[in-house]
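Undergrad: What follows is a single structure, and I will ask about it in a moment.
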Protein chains: 2
Amino acid sequence: MTQNKTTKEGRVGAANKQIILTAAEHEFAKNGFKGTRIQQVADRAGLPKTNVLYYFKSKENLYFAVLEQILDLWNSTFDKATSDDDPAEVLARYITEKMEFSLTRPEASRIFALEIINGAPNLTGFFKEQQVNWMKGRVELVQSWIDQKKIDTDNAHYLLFHIWACCQHYADFAAQITQLQGQEMGRVEYQKATKSLISLILKGCGLKVPASYLAS
Amino acid sequence: MTQNKTTKEGRVGAANKQIILTAAEHEFAKNGFKGTRIQQVADRAGLPKTNVLYYFKSKENLYFAVLEQILDLWNSTFDKATSDDDPAEVLARYITEKMEFSLTRPEASRIFALEIINGAPNLTGFFKEQQVNWMKGRVELVQSWIDQKKIDTDNAHYLLFHIWACCQHYADFAAQITQLQGQEMGRVEYQKATKSLISLILKGCGLKVPASYLAS
DNA sequence: ATAAAACTAGACCAAATGGTCAACTTAATT
DNA sequence: AATTAAGTTGACCATTTGGTCTAGTTTTAT
């Protein structure tokens with residue numbers, strides 16, 4: 001008889017919560033926090049507005065829940081790479097993963113972009129600390145490669161920023177890319193872009209592109 | 001006696017309009033279109049709200065005016081480069097200019113970023129056509145360099161996207177960069193980042209970095 | 001000087017919106 | 001079967017906000 005002191009949710013609740021979260025991710029990505037109406041989320045979820053507020057006490061609360069859900073997706077194999085690994089392999093794989101993320105979860109990327117452009121007012125406390133620590137570790141890794149002369153670049157921070165920038169660009173600025181190319185980027189185009197980017201970054205760091213990542 | 005059929009603005013009007021536009025750029029960059037209150041713009045401009053609406057008939061109108069003003073800043077020497085020019089010189093200069101823009105007008109960059117993330121609903125018609133044409137021309141330029149074997153990259157579109165992505169990142173994601181580095185990027189840091197980026201991109205395309213752009 | 005136009009600004013309004021309430025229905029537990 | 005908790009929903013409310021109206025003040029042109 002496990003029983004929380006607060007309200008307990010049944011099956012229906014768990015399912016609805018997820019439906020609402022997905023709908024909310026859509027809407028927040030499209031309109032930002034201020035621009036999103038609870039009613040829109042409700043409509044997309046196929047539920048009355050009151051119902052959304054029943055599960056998530058307020059709009060802010062709902063937004064936090066969306067952010068939290070997205071943060072779990074941030075992991076990658078790059079997190080566990082060490083200074084003994086081959087930078088070419090590690091970076092190529094990291095870029096591949098980030099590009100895959102932009103392809104499959106562009107909205108998650110956009111929500112973060114909006115949040116950061118607005119000064120990241122909600123990415124404080126634990127979130128912030130976590131990210132800072134991650135960055136510190138990855139900068140140290142790249143720096144160790146630099147020290148070992150395994151990689152030819154002058155600043156670990158900037159290299160990482162440039163990789164993110166390029167990968168996220170495909171998600172965040174998809175609308176512009178579609179306009180400028182006259183067509184949406186599908187999986188095929190993403191693969192080409194990924195190989196093009198890997199080539200650019202690795203060569204730019206004096207690395208040889210591993211055979212498996214070479215453009216066909 | 002030149003006289004428009006519509007209202008004509010005096011000196012006070014011209015000055016106020018500019019004050020309001022600057023204030024609006026600030027606010028829109030910070031909160032997006034929906035998130036910005038006319039009252040906020042008025043407060044920042046030091047004028048009553050009614051006054052803002054007197055000069056710009058509506059919030060939408062004000063937003064368009066801000067967009068239009070920003071678009072004039074988009075020009076660069078890259079626009080006039082030809083296939084006879086040296087790609088290394090041209091690209092290095094283009095990157096330098098774009099980075100300078102991110103440093104001096106980050107808010108202009110952010111307004112565009114917000115607009116595009118939202119699907120660029122207001123960058124239609126003339127704006128869109130203009131941009132598409134610009135892109136077409138620049139892609140042709142890069143392609144001609146590729147054909148002449150002056151530059152080693154497999155796709156002109158993607159190369160341009162990657163350059164933009166990196167440069168804009170410093171404006172759009174400044175809040176994140178500040179958090180992760182523990183300090184804001186000033187002119188000195190921008191110079192380092194610029195050189196780092198130039199090195200990355202040029203080497204990534206098999207180009208030699210011109211002496212004047214080499215990191216010290 | 002004076003008339004017309006440009007500008008200022010407080011009062012006000014209708015619509016939109018986040019959120020509450022109370023009554024009701026369905027699901028879960030014993 | 002009965003009781004309790006979870007979930008549903010329409011009616012409603014207070015506040016915010018884009019925008020109007022009107023009446024007055026300052027600039028500008030003649």
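Undergrad: Can you tell me which of B:E27, B:E60, B:E97, B:E107 is within 16 Å of DNA strand D (Cβ to nearest atom) and under 22 Å from B:M185 (Cα atoms)?
TA: Numbers: B:E60 fails: under 22 Å from B:M185 (Cα atoms); B:E97 fails: within 16 Å of DNA strand D (Cβ to nearest atom); B:E107 fails: within 16 Å of DNA strand D (Cβ to nearest atom).
Step by step, each of B:E27, B:E60, B:E97, B:E107 is checked, and only B:E27 is within 16 Å of DNA strand D (Cβ to nearest atom) and under 22 Å from B:M185 (Cα atoms).
Undergrad: Let me ask another. If I go through the stretch A:7-49 residue by residue, how many of them are near DNA strand C (Cβ under 9 Å from one of its atoms), of a type outside the set (A, V, I, L, M, F, W, C) and buried (at least 20 other Cβ atoms within 10 Å of the Cβ)?
TA: Qualifying residue count, the stretch A:7-49: 1.
Undergrad: A further question on this structure: Go over the candidates B:L47, B:L62 one by one and state the one that is touching a Phe, Trp or Tyr at 6+ places or on another chain (Cβ under 7 Å), at negative phi and not β-branched (V, I, T). Show your work before the answer.
TA: Working: B:L47 fails: touching a Phe, Trp or Tyr at 6+ places or on another chain (Cβ under 7 Å).
Among B:L47, B:L62, only B:L62 is touching a Phe, Trp or Tyr at 6+ places or on another chain (Cβ under 7 Å), at negative phi and not β-branched (V, I, T).
Undergrad: Identify, by number, the condition in (1) buried (at least 20 other Cβ atoms within 10 Å of the Cβ); (2) without any contact (Cβ under 8 Å) to a residue 12 or more places away in the chain; (3) closer than 30 Å to A:L123 by Cβ; (4) not hydroxyl-bearing (S, T, Y) that B:G119 doesn't meet.
TA: Going through (1) buried (at least 20 other Cβ atoms within 10 Å of the Cβ); (2) without any contact (Cβ under 8 Å) to a residue 12 or more places away in the chain; (3) closer than 30 Å to A:L123 by Cβ; (4) not hydroxyl-bearing (S, T, Y) one by one, B:G119 breaks only (1).
Undergrad: Of the numbered conditions (1) surrounded by 15 or more Cβ atoms within 10 Å (Cβ to Cβ); (2) more than 14 Å from every other protein chain (Cβ to nearest Cβ); (3) under 30 Å from A:A29 (Cβ atoms), B:F78 satisfies every one except a single condition; which is it?
TA: (3)
Undergrad: Might you check whether a residue that is more than 8 Å from chain A (Cβ to nearest Cβ) and more than 24 Å from A:T178 (Cα to Cα) occurs anywhere in the stretch B:167-180?
TA: The answer is yes; a qualifying residue exists.
Undergrad: Only one of (1) more than 30 Å from B:E89 (Cα to Cα); (2) out of contact with any Ser or Thr (no Cβ under 9 Å at 6 or more places or on another chain) fails for B:A29. Which number is that?
TA: (2)
Undergrad: Suppose the filter is within 14 Å of another protein chain (Cβ to nearest Cβ) and either under 30 Å from A:S212 (Cα atoms) or within 13 Å of DNA strand C (Cβ to nearest atom) (or both); does A:F101 pass it?
TA: Values: within 14 Å of another protein chain (Cβ to nearest Cβ): no; either under 30 Å from A:S212 (Cα atoms) or within 13 Å of DNA strand C (Cβ to nearest atom) (or both): yes.
No.
Undergrad: Of everything in the stretch A:181-204, what is surrounded by fewer than 18 Cβ atoms within 10 Å (Cβ to Cβ), basic (K, R) and within 8 Å of another protein chain (Cβ to nearest Cβ)? Give them in sequence order.
TA: A:K192
Undergrad: Let me ask something else. In the stretch A:134-150, which residues are part of a loop (DSSP other than H, G, I, E, B) and crowded, with 21+ Cβ neighbours inside 10 Å?
TA: Of the residues in the stretch A:134-150, the ones part of a loop (DSSP other than H, G, I, E, B) are A:148-150.
Those that are part of a loop (DSSP other than H, G, I, E, B) and crowded, with 21+ Cβ neighbours inside 10 Å: none in the stretch A:134-150.
Every number in this text was worked out from the coordinates using simple rules, so none of it is lab data. This one's a predicted model, so the numbers in the text were calculated from it and none came from an experiment. With ideal geometry, Cβ positions are generated from the backbone for all residues, glycine too; neighbour counts draw on all protein chains shown.
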